[in-house]
Amino acid sequence: MTQEVFLLSYTKYGDHDAVLHCFCRENGFESFFAKGIYAPKNKKKAFLFPLNELLLYTSDKKKSIQNVQKIEQKNVDFFSSDIRKNSILFFVSDLLNQVLRNENQNVGIYSEISIFLSQLQIDNFQSHLIFIFRLLKQQGLQPLFSDKTYLNPETGNFEDIEMHHFFDKTISDIWKDLITSQDPYSIKLSRTEKQNFLDSILVYFHYHFTDFREPRSLEIIKEIF
C-alpha cells in the first residue's frame, strides 16, 4: 500500500527506529513505524525534516501502527538550507502536529499544505501566516464577515466594540481582507503587521482548539521576521 504524506513530526525509538507522525492524503493524521531508519548506513534519515512530502510503502496488514517497508521523497531538492524557510517549516509543522491530530481524510487541507509550500519555495516569507488563516477555513472555523469593526476571537464574529486588545481596527481589517480576498497570498503586510497578525491568530487558535499551545519555534519566527 502506498501513502502520500506530509511529515509533521517524528519520535526516535531505540537506537535505529522512529515513529513518524504524518498527515496523509487518503487517511488524514496517522503514525507509522520506520524500522532501521536511524541505522548507520540508512541514508533515508535525511528525509526526516518538517513537512517533507513522502511516499510511504506499507504492508496491507491492519495494525494500530503500520510498518514502513520503503520510503521515498516525493519532491527531491524541494528546499535549500535557507534558515528562514526551515524556521517556517518547523513552526508550521509544530502547529499542524497539534491541530490535525484528530483530523480524518481532508483533501482540502492536504492541498492547502501543497500551496503553502509552493509559496514558500518562491520566497513568500509571510506564506505561513496566510496558510494558518486558510487552515481555519478548511476546518470550518473562519470568522464570519460583517461590516462591524472589531473581530471577537472567542465568537468568530465582528462586533462594534473591541473585545480583545490584539484585535484592534488595523488587525481586524487584515482579517477582513483575508476573508474576502481571491488571492490572499498576494496581500502584503509590514513587519509590524506580520507580528501583530501572528499574535492575533494564535489567540484565535487558543479559543478554538482545546489545549492549544504556542509552537516552540515562535520566538525564532518573531526574531527572523
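Just so you know, all these numbers are worked out from the coordinates, no wet-lab data involved. Because the structure is a prediction, the values reported are computed rather than measured. Neighbour counts run over all protein chains shown; Cβ positions are idealised from the backbone, glycine included.
If the only charges are +1 at each Lys and Arg Cβ and -1 at each Asp and Glu Cβ, what is the size of the charge dipole of segment 17-109 around the Cα centre, to the nearest 20 debye? List each step's numbers first, then the result.
Values: 14 positive and 10 negative charges, 75 e Å.
Dipole magnitude for segment 17-109 comes out near 360 debye.
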Among Ala46, Ala34, Ala18, which one moves the most in a GNM of the chain with springs linking Cα atoms closer than 10 Å?
Ala46
For the chain, shape from the Cα gyration tensor axes a ≥ b ≥ c, cut at a/c of 1.5 then a/b versus b/c, turns out prolate
Where does helix 127-138 land angle-wise versus the long Cα axis of the chain, in degrees 0 to 90, nearest 10?
90
If the reach is capped at under 17 angstrom between alpha carbons, list the aspartates and glutamates near Lys148, excluding any in the same chain fewer than eight residues apart.
Glu159, Asp160, Glu162, Asp168, Asp173, Asp177
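Which whole-number percent gives the relative contact order of the chain, counting Cα pairs below 8 Å spaced six or more residues apart?
Over the chain, the number comes to 16 percent.
With the Cα gyration tensor of segment 98-175 giving a ≥ b ≥ c as the square roots of its eigenvalues, does the rule (a/c under 1.5 for rounded; else a/b larger than b/c for prolate; else oblate) give rounded, prolate or oblate? Don't jump to the answer; show the numbers that get you there.
On the way: a/c = 2.75, a/b = 1.61, b/c = 1.71.
Oblate, because a/c is 1.5 or more while a/b does not exceed b/c.
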Between segment 133-184 and segment 188-225, the Cα center-to-center distance that results, in Å
15
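Just to confirm a number: summing +1 for Lys and Arg and -1 for Asp and Glu over residues other than Tyr38 whose beta-carbon lies under 13 angstrom from that of Tyr38, what do you get? Show your work: numbers first, answer last.
Working: positive: Lys12, Lys35, Lys41, Lys43, Lys44, Lys45; negative: Asp15, Asp17.
It works out to a net charge of +4.
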Straight-distance crosslink candidates among lysines, where the alpha carbon sits under 30 Å from Lys45 and sequence neighbours closer than 8 are dropped:
Lys12, Lys35, Lys61, Lys62, Lys63, Lys70, Lys74, Lys85, Lys222
Rounded to the nearest 10 degrees, the helix 169-180 long axis (Cα) sits at an angle to the longest Cα principal axis of the chain of 60
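Within a 10 angstrom radius of the beta carbon, how do His21, His128 rank from fewest other beta carbons to most? Show your work: numbers first, answer last.
Details: His21 20, His128 23.
The fewest-first ordering by Cβ neighbours comes to His21, His128.
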In degrees from 0 to 90, rounded to the nearest 10, what is the angle of the helix 83-99 Cα long axis to the longest principal axis of the chain?
90
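If you average the sequence gap of Cα pairs under 8 Å that are 6 or more apart and divide by the length of segment 2-73, what percent do you get for the contact order?
Details: 155 pairs, mean separation 23.1, N = 72.
RCO, segment 2-73: 32 percent.
Helix-derived [θ] at 222 nm for the chain: sum -39500 (n - 2.57) over DSSP H runs of at least 4, divide by residue count, nearest 500? Please list the in-between numbers first.
On the way: 6 runs with 81 residues, N = 225.
Rounded to the nearest 500, the figure is -11500 deg cm²/dmol.
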Per residue of segment 114-119, in order, report the coupling 6.51 cos²θ - 1.76 cosθ + 1.60 (Karplus, θ = phi - 60°) as ³J(HN,Hα) in whole Hz, putting x for Gly and Pro.
4, 5, 4, 5, 5, 5
